[in-house]
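So the structure is just underneath, and the comments pick up after that.
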Amino acid sequence: MTFALFMLILLSVSLNAFAQVALRKAMLVAMPLPAFDRPLSLALHLAENPYLWAGMILFAGSIGLWLGVLSKIPVSVAYPMASMGYVIAAVTGAVFLSEGVTLMRTGGLSLICIGVYIVAQSA
């Protein structure tokens with residue numbers, strides 16, 4: 001796997017993880033409303049939520065880049081690389097949403113990194 005291809009994968013996966021954080025923020029902003037018992041009110045509130053739109057745009061960019069990844073490597077190599085998104089989302093959630101990352105969670109994320117490294121070496 002070339003460095004450029006790995007960077008394309010990393011960028012696609014990062015955009016996807018950032019989209020998850022943006023969508024979480026959108027829901028945190030929306031939840032003060034009596035959200036789920038009034039679905040129309042929630043939908044209208046979310047439609048004007050910039051975090052929701054940012055998440056959707058980030059997802060679209062991620063999908064576009066991911067198509068480029070899939071055009072270059074087998075899905076059996078590409079899809080396990082998407083696991084890096086778990087690590088990126090955890091770090092981004094901790095930094096921007098003040099979500100806690102426990103020692104056990106850090107251990108699990110470390111195992112994911114080891115697995116991604118092994119898959120990358122096999123490509």
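Can you give the convex hull volume of the alpha carbon atoms of the stretch 44-105 per residue, in Å³?
118
Of VAL101, VAL69, VAL13, which has the largest mean-square fluctuation in a 10 Å C-alpha GNM of the chain?
Checking each option, the largest mean-square fluctuation is seen for VAL101.
HN-Hα J couplings of the stretch 79-89 from phi, Karplus 6.51/-1.76/1.60, θ = phi - 60°, integer Hz, Gly and Pro as x?
5, x, 5, 5, 4, 4, x, 5, 5, 4, 5
I need the phi-derived Karplus couplings for the stretch 91-100: 6.51 cos²θ - 1.76 cosθ + 1.60, θ = phi - 60°, integer Hz, Gly and Pro marked x.
3J(HN,Hα) across the stretch 91-100, in whole Hz: 5, 5, x, 5, 6, 9, 10, 6, 7, x.
What spacing in nm lies between the two simple spin-label points modelled at LEU28 and ILE57, each 7 Å away from Cα in the Cβ direction?
Modelled inter-label distance: 2.0 nm.
Note down the relative contact order for the chain as a percent, whole number, built from C-alpha pairs under 8 angstrom at least six residues apart.
Result for the chain is 36 percent.
For the chain, take the longest principal axis of its alpha carbons; what is the angle in degrees between that and the long axis of helix 103-122, to the nearest 10 within 0 to 90?
Helix 103-122 sits at roughly 40 degrees to that axis.
With everything on Cα atoms, drop me the angle between helix 50-70 and the longest principal axis of the chain, reported from 0 to 90° to the nearest 10.
20
For LEU70 and LEU111 in the same chain, what is the full-extension length gain: residue separation times 0.36 nm, less their Cα-Cα distance, in nm?
12.3 nm
Could you tell me which residue out of LEU111, ALA60, HIS45 lies farthest along the dipole of the stretch 20-123 toward its positive end? Charges go on the beta carbon: Lys and Arg +1, Asp and Glu -1, centred on the Cα centre.
Positive-end residue among those listed: LEU111.
Against the globular-protein guess of 2.2 N^0.38 Å, express the Cα radius of gyration of the chain as a ratio, rounded to two decimals.
Relative to the rule-of-thumb radius for its length, the chain sits at 1.22.
Run lengths n ≥ 4 of DSSP H only: what is the helix-derived mean residue ellipticity at 222 nm for the chain, with -39500 (n - 2.57) per run over all residues, to the nearest 500?
-27000 deg cm²/dmol
Read the figures in this text as sums done on the coordinates, not as results from a lab. The structure presented is a predicted model; accordingly, all values stated were derived computationally and were not measured. We place every Cβ from the backbone using ideal geometry, glycine too, and count neighbours over all the protein chains shown.
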